[in-house]
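Visitor: Quick one: the structure is below, and I'll ask about it shortly.
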Amino acid sequence: MAKILIIEDDTRLELTYNIIFEQSGHTVIRAHDGEEGLQKAEAEEPNLILLDLNMPKMGGLEFLRRYDVINKHPFVKVVVFSNMQTEESIREAYSLGAYKYEVKATFSPKQVGALVEQAL
């Protein structure tokens with residue numbers, strides 16, 4: 001099974017995703033902002049990162065810039081899962097190496113599980 005890093009500042013959502021992924025047999029690591037997420041991503045080397053964009057300390061786009069998926073972590077799939085849906089943020093996320101960009105408000109917890117399984 002895979003190692004999944006959830007970077008999400010909404011504790012309720014983070015816990016929901018954690019339960020879904022653990023029930024599917026995955027190892028889950030959690031971070032509450034981009035800064036903590038960057039530290040855990042470097043230390044834990046996850047297979048997939050579920051990334052929110054609007055977070056305290058460091059947002060998701062800055063995380064993508066610093067983590068450098070394209071050059072340093074090409075085998076890590078980053079699924080941006082956020083309610084921020086501007087054309088600019090979507091374009092920038094993909095240019096920084098995001099595997100997928102989805103609007104979180106349109107997904108049920110079950111659909112999030114399916115989305116992650118599909119990405120893995």
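Visitor: Tell me the label-point distance for the pair SER108, PHE75, using the 7 Å Cα-to-Cβ offset, in nm and rounded to one decimal.
Guide: 3.5
Visitor: Can you tell which of GLN118, PHE75, ASN54 lies farthest toward the positive end of the dipole of the stretch 3-119, using +1 and -1 charges on the Cβ of basic and acidic side chains (Lys, Arg; Asp, Glu)?
Guide: GLN118
Visitor: Now a separate question. Counting only the backbone N, which residues of the stretch 28-58 are under 13 Å from the spot 7 Å out from the Cα of LYS100 toward its beta-carbon?
Guide: The answer is 48-51.
Visitor: Rounded to the nearest 20 Debye, what is the dipole magnitude of the chain about its Cα centre when Lys and Arg each give +1 and Asp and Glu each give -1 at the C-beta?
Guide: Charge dipole of the chain: 260 debye, to the nearest 20.
Visitor: Turning to a different aspect of this structure: What longest region of the chain stays clear of chymotrypsin sites (Phe, Trp or Tyr not before Pro) that DSSP places outside H, G, I, E and B and that have at most 16 other Cβ atoms within 10 Å?
Guide: The longest such stretch corresponds to 1-74.
Visitor: Also, quick follow-up: Rounded to whole Hz and in sequence order, give me ³J(HN,Hα) for the stretch 16-23 from the Karplus expression 6.51 cos²θ - 1.76 cosθ + 1.60, θ = phi - 60°, writing x for Gly and Pro.
Guide: Here the 3J(HN,Hα) series is 4, 4, 4, 4, 4, 5, 5, 5 Hz.
Visitor: Related question: Lys and Arg at +1, Asp and Glu at -1: add these up for the other residues within a Cβ distance under 12 Å of GLU92 and post the number.
Guide: Its environment carries a net charge of -1.
Visitor: FRET efficiency for LEU115 and ASN54, Cβ-Cβ distance as r, R0 = 22 Å, nearest 0.05?
Guide: Rounded to the nearest 0.05, the efficiency is 0.70.
Visitor: Which residues in the stretch 46-88 place their backbone N less than 19 Å from a point set 7 Å from the Cα of MET1 along the Cα-to-Cβ direction?
Guide: Under cut-off, by backbone N: 46-50, 77.
Visitor: Using a Gaussian network model of the chain with C-alpha springs under 10 Å, which one of VAL69, VAL28, VAL103 is most mobile by mean-square fluctuation?
Guide: VAL103
Visitor: Moving to a separate point now. Taking 8 Å as the Cα distance limit and 6 or more residues as the minimum spacing, I'd like the relative contact order of the stretch 29-120 as a percentage.
Guide: 26 percent.
Laboratory data are not the source of any read-out in this text; all were calculated from the coordinates shown. From a predicted model like this one, the values you see are computed outputs, not experimental measurements. Note: ideal-geometry Cβ built from the backbone for every residue, glycine included; neighbour counts use all protein chains shown.
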